[in-house]
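Let me begin by presenting the structure, written as structure tokens, before commenting on it.
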Amino acid sequence: MTINQLSVFIENKAGTLLQVFNLLKDAHIQLIASTTADTLDYGICRIICSEPARAYKILKDAGVSVALSDVFAIELDNEPGRAAEALSVFSQEGIGITYLYSFLLGGKGIIIFRTDNPEKTKEAIILSGLKFVAEKDLSVLA
């Protein structure tokens, strides 16, 4: 099970990220998590939100360069070491993590990530007993 994530490609100049966030605000779309990584010329803002398909359309219609992709979301108990234990499951299976970000929501740790082998990742999550987080669950907790 995966969730939808927006990847917004933005110029590294004042106001471009604000434009994206204002478009979502004006549409009453709740941001659940976001992370931004940059290069010299542009940044990639990854966003988990309450209505990713609608957010994608709003941003596209506004001329924003955006992609909608599937990522994994797992829930962990909020205890030291739980993230390391979860990541060891993927490491032991030879699954590479492409990128990852995490946050606390509703007293639980949430890890959002992409891997180099989605099918093997799904199987590893199921076999290890890790808990998938559904999009609807993130929206309810936000």
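Just so you know, all these numbers are worked out from the coordinates, no wet-lab data involved. Everything quoted here is computed from the prediction, not taken from an experiment. For neighbour counting, all protein chains shown are included, and Cβ atoms are generated from backbone atoms with ideal geometry for every residue, glycine included.
What residue, among those in the stretch 1-24 that are within 19 Å of the chain's Cα centre (by Cα) and of a type in the set (Val, Ile, Thr), is surrounded by the fewest Cβ atoms within 10 Å (Cβ to Cβ)?
Thr2
Determine whether Val64 is of a type in the set (Val, Ile, Thr), crowded, with 17+ Cβ neighbours inside 10 Å and over 18 Å from the mean Cα position of the chain (by Cα).
Values: of a type in the set (Val, Ile, Thr): yes; crowded, with 17+ Cβ neighbours inside 10 Å: yes; over 18 Å from the mean Cα position of the chain (by Cα): yes.
Yes, satisfied.
Find the strands (runs of 3 or more DSSP E) located wholly in the stretch 34-142 whose residues include 2 or more that are aromatic (Phe, Trp, Tyr), and list them. So that I can check it myself, show each step before the final result.
On the way: elements: 42-49, 65-77, 97-105, 108-115.
Fully inside the stretch 34-142 and qualifying: 97-105.
Based on this model, can you work out whether Gly43 counts as of a type outside the set (A, V, I, L, M, F, W, C) and on the phi > 0 side of the Ramachandran plot? I'd like the intermediate steps shown before the answer.
Values: of a type outside the set (A, V, I, L, M, F, W, C): yes; on the phi > 0 side of the Ramachandran plot: no.
For Gly43, the condition - of a type outside the set (A, V, I, L, M, F, W, C) and on the phi > 0 side of the Ramachandran plot - is not met.
Would you mind stating whether Val89 is surrounded by 11 or more Cβ atoms within 10 Å (Cβ to Cβ) and touching a Lys or Arg at 6+ places or on another chain (Cβ under 7 Å)? Let's see the steps before the verdict.
Details: surrounded by 11 or more Cβ atoms within 10 Å (Cβ to Cβ): yes; touching a Lys or Arg at 6+ places or on another chain (Cβ under 7 Å): no.
Answer is no for this residue.
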